[in-house]
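Working notes, structure below.
Readers should treat all values here as calculations from the given coordinates under stated rules, not as data from a laboratory. No experiment lies behind these values; they were computed from the predicted model shown. We place every Cβ from the backbone using ideal geometry, glycine too, and count neighbours over all the protein chains shown.
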Amino acid sequence: MRNTFTNTLTKVNHLRSIIGYNGLVYALKKLPVIGKHLPDKLYSLTALKVIYWIFHIIKEVSMLFIGKIFGLGMIYLAALLLNKGYIGYGMAEGISSPNLYASFALFMFIIYALFGLLINTRLFKCTTEKEYLVFMLRMNARTLNNTLFIFDLGKLVIGYLIAGIVAIIGGAPFWLWLGIPVLAVCIKLFGAGVLAAFYRSKHKHNKLLKGSTWGLIVRLLLVFMLLPVFMVLVINGYYVPLQYMLIIAAVFVLLGIWGFWELSRFDENLHRRALRDNIVRNEIESYKEPDHSKQFKRLKAKGTVKGDKKGFEYLNALFVRRHRTMLVLKAVIFTIVVLLIIALVLFEFIYGYARRFGSDSTWNMLFNNLINFFTGHGYADALHPFDENAATLFFRDCASKQLLLMIIPLSIADISFKSTQAMYINCDNSLMTFSFFKQREKIIRLFDIRLKQLIRINIWPALACGLFAVLILFNTGGQDYPFQYLLTVLVPVLISVINSMTWLTLYYLFQPFTTTVNVKGGAYRVTRIILTFITIIICWITLNTAVLAGVLTVFTVVYVILLRAIVKKYAPKTWKMKS
Amino acid sequence: MEFVISHLVKSYGSKQVLKDVDFVFEEGRIYGLLGRNGSGKTTFFNCINGDIDINSGSFYLRENSGSKDIIKIEPQDIGYLVSTPTVPEFMTGREFLKFFLEIHEEIKPDKTIDEYFDYMMIPEDDRDRLLKDYSHGTKNKMQMLLNIIASPRLVLLDEPLTSLDVIIAEEMKNVIRSQKQGRITIFSTHLLDVAVDLCDEIVLLHNGRLEPIDKSNLGDSDFKDKIIAALKDQDDA
């Protein structure tokens, strides 16, 4: 028995390390630039395998610490804090401090364990090593599943016993230190028993939970986890009496015994079938398109292109028409929200002014200030003068020296990434099989048309943001120098042009999507990370708007010319069908 | 005109898929590129079409066998029909054909759009539907039609009859036969009967090399046996 356990575990770990090592080498060989220089010999280098083995063991131990010790440790710590607070406020009548501690810890642990039960349904999950061992090397599926299950339980007990030291130091009763690992094992056995019983009766696995159901369960469990805190801090120190918690724990122990009995009669054949069914289910799941690609398929042949557009102009106009909702909606909503905020602020100000000073004065104020606005001056009114305070100065500072912060909202409103996804999945992916689509001049012609199109859509949120900044300037003293209002609008517009150019260029150079619009290729990912990092740094640069507008104008022109030249040079090589 | 492949090599890591491919294809003939599953037929086409980089070797066109003038292959010289047809899903068949004719300014169409559809036997009620709703066979016909209009010098057909029903497959065969003059057609398949039925020449792709098969007994049951034996031999070698 012991020998079988040790042998099986050794084989599994050996296979895991081989799969892990080969997977790592494969991933390294797929890296951009260096990947193709790595020799196939890496797969057979013993020294590297040993190093991998060491890391594999460190990883296993780390997982034990992170998953088990950290999880339960946090619960013990929370129980300790609650207990202290409870005792400190003198609300613990008729219960000793260790028992109160145990009550809190048990309450939170049972919720935590039930949560774990829902997400940890690995018993019949057919991992790669299980597939090899059972279906290729003909290992007994029951022995394998049970060995791995016992190994998991062993790790659980050790991890929880280590975490229990926190509880003992915090004043928990000794029985809790031993009791929680036993309870955890019983709950695990119960979970496994349920899976086994379900499979035995239905001859199929339980249905996978949908994303929305998961979200609901997580939220519910979080609420339950926070219940003791709520009880102690809000409803005058109420707690669930320890006796009740012990009864619940005892029920789980009984359920655990049932789970053990259920598992013990789950024979080899059933184990094997359960694993095979899991493979089939995974295969089916892998063929299902992820939800985010479906949104690109909702097309209808409604409407056509008006005017005399031909060739690529016709293609692009038709593309925008058929994807209108998908492409334009985000930019439109963003623009409307910004304009609504502006309108609400203005309404609130004008309505308050009218109530205070009457409608005649309000019309006067509006007329005068409209003239002020269009002549480049700031808000001025004798009845209700501008109140300069720390808040207004802060906003003025942002609108006159921190306009690069606009990168953040404009990146949120930007539609370029989604547009490139739609371009790929519904258009370019298929047209790349035609030779005309890969000709340099035609690539760059369509690139120019698409760039203009993206700019045309992205410019609206930029204008709205620019207007918002201008109104802040107007309301906080007006222009510091001529054309400041104009330049304040120009900056977000230029940022949106840079955004559009960047996304479109990345798309043309890396062709980074799969047919289910997932991102593929390390180089694209790395470039995006670098760009995000650079953007975060740039955002916080303080620069006078006049200087910023000047620098940005020059930069945008150079950037567009340079990237366009790069696309023209390299896109015929990258713009090709990839299997 | 001839399409010449000279010492073409393509490897993925240490695995050589195409080993020193050396062959000359002649104009006006349909070549059946026959190979087992995974023998490298699609890789061969992707190399020619420029979708993947080759390791070494070259391929080009020349006017005739005596000619020393090499004509570099440009994208517009190649028409490539992939086995799983992909078409821009947001367009209708008519819109796509209109766009295609406009983009090929050099083509002077001798037919109206509907006449082209008629030629390919694409039903009238399909013409104004989105291409995403087309059947596999109709998508395939659309691809073929565009290649006929573009009139490339070299046509690569990657298992275009796979998964087509009998009627559409027969219609496609007739179209391919009627279009062979003035161009070189290479038709890949792993189905021996299709190759024998449609092609003027049969070329085996196995063990990474192209080898012509003596076509004198094309159609004989012995001929089929010979090919099967050759494929088996090479595979076992």
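Some notes on this structure:
- Listed by chain and number, the aspartates and glutamates whose alpha-carbon sits under 14 Å from that of residue B:68, ignoring those within fewer than 8 places in the same chain, are B:2.
- Shielding value for B:74-83 is 4, the average number of Cβ atoms from other chains within 10 Å of each residue's Cβ.
- Between the Cα long axis of helix A:242-264 and the first principal axis of chain A there is an angle of about 70°, rounded to the nearest 10.
- Stretched out straight at 0.36 nm per residue, the stretch from residue A:302 to residue A:50 would grow longer than its current Cα-Cα span by 84.5 nm.
- With Cα atoms, 0 to 90° folded angle of helix A:440-475 axis to chain A main axis: 80 degrees
- Residue exposure sequence - B:6, B:56 - by fewest surrounding Cβ within 10 Å: B:56, B:6
- Distance in nm between pseudo-label sites at residue A:380 and residue B:112 (7 Å out along the Cβ direction from Cα): 7.1 nm
- Chymotrypsin sites (Phe, Trp or Tyr not before Pro) within the range A:440-500: DSSP coil, no more than 15 neighbouring Cβ in 10 Å: A:483
- Antiparallel bridge percentage (DSSP; both residues within the protein assembly as shown; nearest 5): 55 percent
- Sequence of A:359, A:500, A:411 once ranked by neighbouring C-beta atoms within 10 Å, starting from the fewest: A:359, A:411, A:500
- Anchor residue B:19: lysines whose Cα lies under 21 Å away (excluding residues fewer than 8 positions away in-chain): A:36, B:10, B:41, B:232
- Taken along the Cα-to-beta-carbon direction at a fixed 7 Å, the label points for residue A:182 and residue A:38 span 4.9 nm.
- Exposed loop sites here mean GluC sites (Glu not before Pro) with a DSSP loop assignment and at most 14 other beta-carbon atoms within 10 Å; chain A contains its longest site-free run at A:94-387.
- Sparsely packed GluC sites (Glu not before Pro) within the range B:38-124, loop by DSSP, other Cβ within 10 Å at most 10: B:105, B:106
- Sorting B:43, A:488 from the fewest to the most surrounding beta carbons within 10 angstrom yields B:43, A:488.
- Extension gain (nm, one decimal) between residue A:27 and residue A:355, 0.36 nm per residue minus Cα-Cα: 111.2 nm
- Pairs spanning more than 19 Å between alpha-carbon atoms, out of A:300/A:438; A:302/A:418; B:141/B:173; A:438/A:569: A:300/A:438; A:302/A:418.
- FRET efficiency for the residue A:329 to residue A:395 pair, using the beta carbon distance and R₀ = 41 Å, is estimated at 0.85.
- Virtual spin-label span in nm between residue A:251 and residue A:202, 7 Å along Cα→Cβ: 2.3 nm
- Within straight-line reach of residue A:310, meaning a Cα separation under 14 Å, sit the following aspartates and glutamates at least 8 residues removed in sequence or on another chain: B:95, B:102, B:105.
- Inter-part distance, the range A:401-472 to the range B:104-166, computed on C-alpha centroids, equals 32 Å.
- 0 to 90° range, to nearest 10: angle between helix A:71-88 axis and chain A longest Cα axis: 80 degrees
- Proximal charge balance of residue A:348 [Cβ under 13 Å; K/R count +1, D/E count -1]: +2
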